[in-house]
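The values are calculated or read from the model by the stated rules, or taken from the named source; none is laboratory data. All values derive from a computational prediction rather than experimental measurement. Backbone-built Cβ (ideal geometry, glycine too); neighbour counts: all protein chains shown. For accessibility, only protein heavy atoms count, side chains too; no ligands or nucleic acids. Shrake-Rupley method; radii C 1.70, N 1.55, O 1.52, S 1.80 Å.
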Amino acid sequence: MRWSDRFVKVLSAVAVLVLLTGCATNLPAPRGPSAGPVVAQAAWERVLARHVDDSGRIDFARIAAAPEDLESYVSYVGSVSPLSRPDAFPTREAKLTYYLNAYNAFAMYGIVQAGIPESLAKMKFRFFYRNRFVMGGKRISLYQLENSIVRKMGDPRIHFALNCMVRGCPRLPREPFEASKLDAQLERAAKLFFSEDRNVDLRPDAKAVRFNEILRFYRKDFLAASPSLIAYSNQYRAEAIPLEWKVEFIPYDWTVNKQ
């Protein structure tokens, strides 16, 4: 690459960074003191158990009407993180569990704060890039949390656990992620994802398979763990897809996944 090309590339990256920083929106922090980890985890557990149905749809209206539990958990995440308190998160599983739960809680909180929109299709930039949440005393966007922290932990199964609260996302579980059983939870999430027709559309006559577009968005992560997208999916499917089939993608549904 010529020096001039590198300069243009660097300048473009800086311009994007300035744009994102200048347009940042700090979402209001929940009111009241931060809860401790046990109380906060119990609050997040109640949110998922009470307001997420068996299909993974979320009752945002009820959450908005009584937001105390969600706010309690978001407040806890705002006060402590693996970066601010590494002693509180001694293992890789403890760190990853924190980040997965934090992302999902932030996304849920963001939907409520946005007035429960019908879709994120026209507000993706604001929702993922501009909105800033407090994590361990520092502001962070959903994009930064996913791409600068969670993806770098090297487990592609996180893409079946992170949930931005739209229909195209994996099914939101009705329980929090827990460090002591995280591997089993991620394994279960991957198997569920690849068992659902909405994520895997088999077309035998055309010798093709259409995958949820998540596999296109994060193709690099999956191919780092397997030689092909089909080979990766077959690890979690009861019935294997022929490796020679053509791969296509199902358009992502940005409709908010509310009850």
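Brief remarks on what is shown
- From the list Glu178, Glu239, the lone residue that is free of Cβ contacts under 8 Å to residues at least 40 places away in the same chain and not aliphatic (A, V, I, L, M) is Glu239.
- Condition check for Asp197: assigned to a loop (DSSP other than H, G, I, E, B), modelled with pLDDT of 95 or more, open to solvent by 50 Å² or more (accessible area, probe 1.4 Å) and over 17 Å from Tyr98 (Cα atoms): yes
- Qualifying residue in segment 207-215 (condition: open to solvent by 60 Å² or more (accessible area, probe 1.4 Å) and either charged (D, E, K, R) or over 15 Å from Pro156 (Cα atoms) (or both)): yes
- Ala231 falls short of the stated requirement of being part of a helix (DSSP H, G or I) and exposed (fewer than 13 other Cβ atoms within 10 Å of the Cβ).
- Qualifying residue in segment 242-257 (condition: in a helix (DSSP H, G or I), of a type in the set (Val, Ile, Thr) and in contact with a Leu (Cβ under 8 Å, 6 or more places away or on another chain)): no
- Residues (of a type in the set (D, E, K, R), under 12 Å from the mean Cα position of the chain (by Cα) and in a helix (DSSP H, G or I)) located in segment 156-183: Arg157
- Among the residues listed as Leu83, Leu20, the single one being at pLDDT below 95, within 21 Å of the chain's Cα centre (by Cα) and surrounded by 11 or more Cβ atoms within 10 Å (Cβ to Cβ): Leu20
- Glu196 meets all of the listed conditions (1) in contact (Cβ under 8 Å) with a residue 40 or more places away in the chain; (2) out of contact with any helix residue (DSSP H, G or I) (no Cβ under 6 Å at 6 or more places or on another chain) but one, namely (1).
- Scan segment 112-144 for residues that are assigned to a strand (DSSP E or B), out of contact with any helix residue (DSSP H, G or I) (no Cβ under 7 Å at 6 or more places or on another chain) and either farther than 22 Å from Lys258 by Cα or open to solvent by 60 Å² or more (accessible area, probe 1.4 Å) (or both) and the total you get is 4.
- Between Tyr98, Tyr76, Tyr109, the distinction of being buried (at least 21 other Cβ atoms within 10 Å of the Cβ), aromatic (Phe, Trp, Tyr), without any contact (Cβ under 8 Å) to a residue 24 or more places away in the chain and assigned to a helix (DSSP H, G or I) belongs to Tyr98 only.
- For Leu27: the one exception among (1) at pLDDT below 95; (2) open to solvent by 40 Å² or more (accessible area, probe 1.4 Å): (2)
- Per-region count, segment 57-73, residues surrounded by fewer than 17 Cβ atoms within 10 Å (Cβ to Cβ) and in a loop (DSSP other than H, G, I, E, B): 2
- Residue within segment 145-155 that is on the phi > 0 side of the Ramachandran plot, open to solvent by 10 Å² or more (accessible area, probe 1.4 Å) and in a loop (DSSP other than H, G, I, E, B) present: yes
- Applying the criterion of being in contact with a strand residue (DSSP E or B) (Cβ under 7 Å, 6 or more places away or on another chain) and basic (Lys, Arg) to the residues of segment 127-156, the residue that is farthest from Gly168 (Cα to Cα) is Arg139.
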